[in-house]
1. Outside any helix (DSSP H, G or I) and touching a helix residue (DSSP H, G or I) at 6+ places or on another chain (Cβ under 8 Å): does that describe residue A:100?
2. Closer than 21 Å to residue B:8 by Cβ and within 14 Å of another protein chain (Cβ to nearest Cβ) - does that describe any residue in region B:63-75?
3. What is the one condition in (1) surrounded by 15 or more Cβ atoms within 10 Å (Cβ to Cβ); (2) among the acidic types (Asp, Glu); (3) free of Cβ contacts under 8 Å to residues at least 24 places away in the same chain that residue A:48 does not satisfy?
4. If you scan region B:57-113, which residues turn out to be of a type in the set (S, T, N, Q) and within 25 Å of residue B:39 (Cβ to Cβ)?
5. Where in chain B are the helices (runs of 4 or more DSSP H), entirely inside, with at least 2 residues that are in contact with a Leu (Cβ under 9 Å, 6 or more places away or on another chain) and of a type outside the set (Phe, Trp, Tyr)?
6. Please indicate, with yes or no, whether at least one residue in region A:141-161 is modelled with pLDDT of 85 or more and in contact with an Asp or Glu (Cβ under 7 Å, 6 or more places away or on another chain).
7. Hey, can you tell me all the residues within region B:32-52 that are at the interface with chain A (Cβ under 9 Å from one of its Cβ atoms) and either surrounded by fewer than 17 Cβ atoms within 10 Å (Cβ to Cβ) or modelled with pLDDT of 90 or more (or both)?
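The values are calculated or read from the model by the stated rules, or taken from the named source; none is laboratory data. All of these numbers come straight from a predicted model, not from anything done at the bench. Every residue, glycine among them, receives a Cβ derived from its backbone with ideal geometry; neighbour counts consider all protein chains shown.
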Amino acid sequence: MAHELKGPLALLRQLAFSLEYADSDGERHKIQQEMIDVSERAIKQINDLTRITRVESGLFDLEPVAIRSVCNEVTSELRQLFSANHKNLQLEYRNRSRLVVGNRDLIHSVIYNFCINALHYSEEDTASFLTVYDRHNHVRLEVRDYGPALPVDVWRAMKQGWLEQPTSIAMRPGSSGLGLYIASKFSKAMNAPVGAVRHRDGTSFYVELPASRQESLFA
Amino acid sequence: MIYIIDDDFAMAECIARYLRPEETKIFTNAIEAINNIDEDTPKLIFLDILLDGPDAFTFLNEIASYENTAKIPVVIVTSLSLETKSLKPYGVRQVLSKETLTPKDVKACLKLI
């Protein structure tokens with residue numbers, strides 16, 4: 001875990017050195033923006049890690065959450081970052097997407113971490129898709145990326161115990177090993193099954209949140 | 001030409017800035033680099049270990065298999081703890097740690113050309 005947190009710091013250090021080598025104001029501005037983005041992501045990861053302790057002690061509320069509002073929020077937060085990396089993030093609702101039972105902050109983190117994973121693993125000039133659809137008594141949130149297929153051994157390890165600890169699949173700066181671990185912890189805390197689907201041209205990570213019965217009040 | 005192969009594009013760009021950017025080519029995976037290597041053979045390669053898809057060792061084995069690429073000096077840039085000695089059989093000339101490297105360290109590697 002410490003390794004994952006060292007990554008963004010190492011990159012920040014190099015970006016700071018790079019400022020001196022920038023040959024224009026535009027380039028300097030780009031480096032500064034990257035420094036801000038990297039530090040914000042690192043702060044978010046550290047916040048999530050401290051939140052895990054609270055989750056393990058059961059110190060969070062489960063309540064009806066409007067899933068569309070959380071998904072809209074995450075995608076608008078991340079669109080700029082995707083675009084800066086010559087990638088695209090698209091949001092698709094297949095049906096009306098009911099209220100779910102969960103914790104808004106934790107759901108936000110799960111989706112955010114899945115999307116950051118997609119950003120890291122998708123190839124340039126491709127779009128990643130956050131798809132939301134109803135499935136029996138659950139609402140499924142799925143993030144599909146188009147990039148290298150998930151290695152079989154990692155996929156098997158995920159199927160057996162999912163991510164009980166940060167995996168070696170992404171011991172890289174700004175990467176996803178820690179993010180997926182955080183997502184799996186938070187999903188487990190909300191009793192929401194998580195999983196990965198391996199495709200030849202990428203991976204889908206999903207979480208299934210229980211649909212809220214309160215929805216009928218709004219019907 | 002100098003190749004920088006790192007799946008973290010921002011880190012690769014930093015290394016390119018320390019050198020002359022116009023003399024560098026950044027690749028975010030080993031396959032792209034291999035596909036270009038015959039056409040535009042580099043004089044030096046900066047290589048990260050953990051890459052998306054085939055890793056650095058696959059890449060090192062591939063370049064070691066062909067006469068025109070076998071002798072290209074390779075500098076590993078990684079956040080893993082590795083010693084140059086353990087990577088000598090792969091043709092690696094130097095290992096730089098991402099956590100401690102400075103622009104001066106990167107420029108000093110030019111003497112390997």
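1. Yes; evaluated as a whole, the condition is true for this residue.
2. No, region B:63-75 has no match at all.
3. (3)
4. B:58, B:61, B:65, B:68, B:69
5. In chain B, B:9-18, B:30-37, B:56-64, B:103-108 are the helices (runs of 4 or more DSSP H) which contain 2 or more residues that are in contact with a Leu (Cβ under 9 Å, 6 or more places away or on another chain) and of a type outside the set (Phe, Trp, Tyr).
6. Checked against the condition, which is being modelled with pLDDT of 85 or more and in contact with an Asp or Glu (Cβ under 7 Å, 6 or more places away or on another chain), region A:141-161 yields at least one hit.
7. Hit for region B:32-52 is B:48, nothing else.
A quick yes/no check of all residues on (1) outside any helix (DSSP H, G or I); (2) surrounded by 21 or more Cβ atoms within 10 Å (Cβ to Cβ):
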{"position": "A:65", "(1), (2)": "yes, yes"}
{"position": "A:71", "(1), (2)": "no, yes"}
{"position": "A:75", "(1), (2)": "no, no"}
{"position": "A:80", "(1), (2)": "no, no"}
{"position": "A:83", "(1), (2)": "no, no"}
{"position": "A:86", "(1), (2)": "yes, no"}
{"position": "A:92", "(1), (2)": "yes, no"}
{"position": "A:95", "(1), (2)": "yes, no"}
{"position": "A:108", "(1), (2)": "no, no"}
